[in-house]
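*Asks:* Attaching a single structure in structure tokens format; questions to follow.
The values are calculated or read from the model by the stated rules, or taken from the named source; none is laboratory data. Note that the structure is a prediction, hence the values are computed from the model and not measured. Using ideal geometry, Cβ is built from the backbone for each residue, glycine included, and neighbour counts are taken over all protein chains shown.
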Amino acid sequence: MKKIYRLFLLLVLSLSLFGCKKDIPGNDNTDNGSGNSEYVRLVASPKAWDGNKQADISYQLLIYSFADSDGDGTGDLKGLTEKLDYLDSLGVTSLWLSPIHPAMSYHGYDVLDYGEVNPDFGTIEDFKEFVNQAHSRNIKVYIDYVLNHTGREHPWFKDASSSQDSPYRDFYIFSENPQADIAAGKIDMIATEGSGGYDQGQWFATSTTEAVTLSFTLDWSDSSNPTVTVTTADTVDEDNPDESENNAKYIYFGDGQLKKFYDKGNGIYQLNVSFSSSWGFLIKTAVEWTAGTKYGAGSPENSMIEFGVPFVLHNSSDNNAVYDIRMPGSQYFHSHFWTNWFADLNYGKAEEAEKSGAFKAVTECAKKWVDAGIDGMRLDAVKHIYHNERSDENPIFLDKFYKEVAGYYNSEEPFYMVGEVFSDHSDAAPYYKGLPALFDFAFWWRLSDAINNGVGNKFVKTILSYKEEYKSYRADYIDALKLSNHDEDRAGSVLGESYKKMALAGAVLLTSSGNPYIYYGEELGYSGTKAGGDEYVRQPMLWGDTYTTSYTDKIDNGLSTKVGSIASPSPDAKSVFDTYKSFARARNSYPALARGQMVRHDVFNESVTSIPSLCAWYMVYEDEKLLVLHNFAQDNISFLLRDDVLNAIALQGDISIKKGNETRLMMGGYSSVVFELNK
């Protein structure tokens, strides 16, 4: 009986041991599970870091959200300066700052002055002190620079829109009839698209600053074909006191102004008004906006009246669109992002962009920041500068801008300039003809898909194919790797708020070839989506002290419960933080991680379908070679190591090793390890 009981216990124990791993059948690279008790927990033993940050690890932060030194709720330059030791301890070598200029909005992308510091952040002296302190820690400074547009309230635009004789008139894109001018190729920034480049939602009327007295006469005698005639007038009518709604007609214009016409009889209506409108006017047959009550132009290209000439009105019934009726000489300006808060800059033909006033002005301001000590720039929305994002116009323009600014930079190292091309790899790659570095959005999109689907064996082949594509456009390209950023849902949310997945993504980022970017808070396991507003992916940095900002009331208060703070992280957040810190240290310690090339593993690659979650590659630099292994799934995997490994230099998650005649590795779910190899 005792013997049977012992056998029963052994059976239970064996089942429990085998239950902690996933057996991978199918080839001799897998472990069949025998000898599981011989596995020993692996511990990383990297060489001591000498403090030299040889890797290019960048950190993106939003000044307004990062660190508040004076308690006004908004992050500032002094707060950022006082948190440099934290950034230094992470091993970062450069900082990308959100726009530092005065702006209309909190985010800074509607610039009001390219040459000044936003007073909410401090002074130019504060900025220079921050740069000096960063440089003393061997940290470079990159500023965000917006070349596509300025804010609508920028002095250049206000002056340009007020007069055709303004010296800034050519800085922007104006047109009385955008659709016709685009079709005729008269607007250089949109010319290569022809008539297909017209998007009505990207054109906005400029304000009429001076009121004029006009007389509006409606002829409604033929209600199926009514007209309006506009002439100048000397006097303004008083508001119509007639309260009758029968057959009433109204003019709608200006800032919500609605005035009632005088009924002159026989279908004729007339009204003299002091007219000032930023968009034109409409005719209405009711006070409220109901179907069939709005009359205007039949199309945007035929929407401008001639004084003294009857203009045929079109009705909005039966879901027919009607458009604003415009005055002679009225102008529209272009804004690529479907908001009149931005006004697109005009650089003329790309081949001659350096001759334009706008180009000279933005480069002059850029040089001021070079004088202030910056080491590089992140260029916003570069595929939108010229409307046709697939033509060579933007790369040609960007090459000119880069050479102008980089040529002014007086340093042994080249000036860094990275562009935001929010597109997949094939559409982004041609922009390497204009800039040395581009953000690799495709890297994150493929990585997040691979992790969420638990498939890692195809990742390396895919990423290496992208790198070959980039290299075909620029031999010395800089692949700026990233997970999420300020315009995307947080990596933590994309990965289902799994801290193990977040740690894995960070480890993949910091073991890949290229220049990795860490978006602030990723190292603490931040989550957040744009569903309720962009602010939810731009949450305050949780320091656990008085430096935490309160720039917005759009805050997920549950985030602090989940991650804690830098001073006191939750256990889950600490696991992510430890991964970022240890893998960044390894990257700064080993040249193959810092500057090496990713090389496809000769065994563990897309051909090994028996271990689909295993993602493996080599990092090689000169005579140093490292083996990088990641498990993209939640189940344990175990396999025979084909490489002659030395010690592990970085790991995260549960990793066990069994040595003997053969070396076998067991990797827990979402784990990572980097091995130093025998030369």
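Listed here are the residues, each with its yes/no results for (1) surrounded by fewer than 19 Cβ atoms within 10 Å (Cβ to Cβ); (2) modelled with pLDDT of 95 or more.
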| residue | (1), (2) |
| --- | --- |
| D188 | no, yes |
| G194 | yes, no |
| D219 | yes, yes |
| V230 | no, yes |
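*Asks:* A further question on this structure: Would you mind finding the one in S356, S391 that is closer than 29 Å to D159 by Cα and small (G, A, S)?
*Replies:* S356
*Asks:* How many residues does the stretch 332-355 hold that are out of contact with any Lys or Arg (no Cβ under 8 Å at 6 or more places or on another chain) and surrounded by fewer than 17 Cβ atoms within 10 Å (Cβ to Cβ)?
*Replies:* Number of matching residues: 7.
*Asks:* Which one of the conditions (1) in contact (Cβ under 8 Å) with a residue 24 or more places away in the chain; (2) within 17 Å of the chain's Cα centre (by Cα); (3) within 30 Å of D72 (Cβ to Cβ) does Y536 fail to meet, given that it meets all the rest?
*Replies:* (1)
*Asks:* Can you tell me which condition Q133 does not meet? The list is (1) more than 17 Å from V362 (Cβ to Cβ); (2) in contact (Cβ under 8 Å) with a residue 24 or more places away in the chain; (3) outside any helix (DSSP H, G or I), and all the others hold.
*Replies:* Of the numbered conditions (1) more than 17 Å from V362 (Cβ to Cβ); (2) in contact (Cβ under 8 Å) with a residue 24 or more places away in the chain; (3) outside any helix (DSSP H, G or I), the odd one out for Q133 is (3).
Residues are listed down the side, and each one gets a yes or a no for (1) among the aliphatic types (A, V, I, L, M); (2) in contact with a strand residue (DSSP E or B) (Cβ under 7 Å, 6 or more places away or on another chain):
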site: T339; (1), (2): no, no
site: A343; (1), (2): yes, yes
site: K349; (1), (2): no, no
site: T363; (1), (2): no, no
site: R378; (1), (2): no, yes
site: K383; (1), (2): no, no
site: S391; (1), (2): no, no
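*Asks:* Please list, ordered by first then second residue, the pairs with beta carbon atoms under 7 Å, 6 or more apart or interchain, first in the stretch 652-672 and of a type in the set (D, E), second outside any strand (DSSP E or B).
*Replies:* Close Cβ pairs (under 7 Å, with a partner that is outside any strand (DSSP E or B)) amount to D654/G668; D654/S671.
*Asks:* Could you tell me which numbered condition M304 fails, if it satisfies all but one of (1) within 30 Å of H334 (Cβ to Cβ); (2) of a type outside the set (S, T, Y); (3) without any contact (Cβ under 8 Å) to a residue 12 or more places away in the chain?
*Replies:* Going through (1) within 30 Å of H334 (Cβ to Cβ); (2) of a type outside the set (S, T, Y); (3) without any contact (Cβ under 8 Å) to a residue 12 or more places away in the chain one by one, M304 breaks only (3).
*Asks:* Turning to a different aspect of this structure: From E393, E413, E420, which residue is surrounded by fewer than 19 Cβ atoms within 10 Å (Cβ to Cβ) and among the acidic types (D, E)?
*Replies:* Being surrounded by fewer than 19 Cβ atoms within 10 Å (Cβ to Cβ) and among the acidic types (D, E) holds for just one of E393, E413, E420, which is E413.
*Asks:* So, in the stretch 443-465, exactly how many residues are surrounded by fewer than 20 Cβ atoms within 10 Å (Cβ to Cβ) and either farther than 30 Å from D392 by Cβ or over 14 Å from the mean Cα position of the chain (by Cα) (or both)?
*Replies:* 12
*Asks:* Of all residues in the stretch 173-185, which are in contact with a helix residue (DSSP H, G or I) (Cβ under 7 Å, 6 or more places away or on another chain) and in a strand (DSSP E or B)?
*Replies:* Listed by number, the list holds a single entry, S175.
*Asks:* Of the conditions (1) small (G, A, S); (2) within 17 Å of F66 (Cα to Cα); (3) surrounded by fewer than 17 Cβ atoms within 10 Å (Cβ to Cβ), S136 clears all except one; give me its number.
*Replies:* Here S136 meets the rest and fails (2).
*Asks:* If V576 satisfies every condition in (1) over 28 Å from the mean Cα position of the chain (by Cα); (2) crowded, with 23+ Cβ neighbours inside 10 Å; (3) β-branched (V, I, T) but one, which is the exception?
*Replies:* (1)
*Asks:* Just name the residue that is surrounded by the fewest Cβ atoms within 10 Å (Cβ to Cβ) out of those in the stretch 37-53 that are under 19 Å from G506 (Cβ atoms) and not hydrophobic (A, V, I, L, M, F, W, C).
*Replies:* Among those that are under 19 Å from G506 (Cβ atoms) and not hydrophobic (A, V, I, L, M, F, W, C), it is P46.
*Asks:* I've got another one for you. Would you confirm, using the coordinates I've provided, whether L640 is without any contact (Cβ under 8 Å) to a residue 60 or more places away in the chain and assigned by TED's automatic domain parsing to the domain that holds T663?
*Replies:* no
*Asks:* A follow-up question, please. Condition first: farther than 19 Å from A475 by Cβ and not in a helix (DSSP H, G or I). Now tell me which residues in the stretch 396-420 satisfy that.
*Replies:* Residues satisfying the conditions are G407, Y408, Y409, N410, S411, E412, E420.
*Asks:* Checking A321 against (1) in contact with a Lys or Arg (Cβ under 7 Å, 6 or more places away or on another chain); (2) part of a loop (DSSP other than H, G, I, E, B); (3) hydrophobic (A, V, I, L, M, F, W, C), only one condition comes out false. Which one?
*Replies:* For A321, the exception is condition (1).
*Asks:* Here's something else I'd like to know. Just one of S161, S166, S175, S98 is without any contact (Cβ under 8 Å) to a residue 12 or more places away in the chain and either in contact with a strand residue (DSSP E or B) (Cβ under 8 Å, 6 or more places away or on another chain) or surrounded by fewer than 24 Cβ atoms within 10 Å (Cβ to Cβ) (or both); which is it?
*Replies:* S166 is the lone residue from the list that is without any contact (Cβ under 8 Å) to a residue 12 or more places away in the chain and either in contact with a strand residue (DSSP E or B) (Cβ under 8 Å, 6 or more places away or on another chain) or surrounded by fewer than 24 Cβ atoms within 10 Å (Cβ to Cβ) (or both).
*Asks:* Restricting to the stretch 533-573, count the residues that are on the phi > 0 side of the Ramachandran plot and crowded, with 19+ Cβ neighbours inside 10 Å.
*Replies:* The qualifying residues number 1.
*Asks:* Name the residues in the stretch 437-454 that are of a type in the set (A, V, I, L, M, F, W, C) and in a helix (DSSP H, G or I), would you?
*Replies:* F441, A442, F443, W444, W445, L447, A450, I451
*Asks:* In addition: In the list K433, K403, which residue meets the criterion of being free of Cβ contacts under 8 Å to residues at least 40 places away in the same chain and surrounded by fewer than 19 Cβ atoms within 10 Å (Cβ to Cβ)?
*Replies:* Answer to the check: K403.
*Asks:* Contact list please: Cβ distance under 6 Å, first residue in the stretch 356-375 and outside the structural domain of I187 (by TED's automatic domain parsing), second residue assigned to a helix (DSSP H, G or I), pairs at least six apart or on different chains.
*Replies:* From residues that are outside the structural domain of I187 (by TED's automatic domain parsing), the pairs are G357/D170; G357/F171; A358/F171; F359/A353; T363/E404; A366/V405; A372/K128; G373/V131.
*Asks:* Still on this structure: Just checking, which of L504, L524, L483, L509 is among the aliphatic types (A, V, I, L, M), surrounded by 24 or more Cβ atoms within 10 Å (Cβ to Cβ) and within 15 Å of the chain's Cα centre (by Cα)?
*Replies:* Exactly one of L504, L524, L483, L509 is among the aliphatic types (A, V, I, L, M), surrounded by 24 or more Cβ atoms within 10 Å (Cβ to Cβ) and within 15 Å of the chain's Cα centre (by Cα), namely L483.
*Asks:* Report every pair of residues separated by at least 6 positions or lying on different chains whose Cβ atoms are under 6 Å apart, first residue within the stretch 280-298 and of a type in the set (K, R), second surrounded by 15 or more Cβ atoms within 10 Å (Cβ to Cβ) and in a loop (DSSP other than H, G, I, E, B).
*Replies:* Here the result reads K284/T293; K294/S316; K294/V322, each pair linking the stretch 280-298 to a residue that is surrounded by 15 or more Cβ atoms within 10 Å (Cβ to Cβ) and in a loop (DSSP other than H, G, I, E, B).
*Asks:* While we're here: Tally the residues that are at pLDDT 95 or above, touching a helix residue (DSSP H, G or I) at 6+ places or on another chain (Cβ under 8 Å) and more than 28 Å from L593 (Cα to Cα), restricting the search to the stretch 26-83.
*Replies:* So the count comes out to 14.
*Asks:* Would the stretch 357-368 turn up any residue that is in contact with an Asp or Glu (Cβ under 7 Å, 6 or more places away or on another chain) and either under 30 Å from N177 (Cα atoms) or surrounded by fewer than 22 Cβ atoms within 10 Å (Cβ to Cβ) (or both)?
*Replies:* yes
*Asks:* For the stretch 161-173, what are the residues that are modelled with pLDDT of 95 or more and not hydroxyl-bearing (S, T, Y)?
*Replies:* Listed by number, the residues that qualify are P167, R169, D170, F171, I173.
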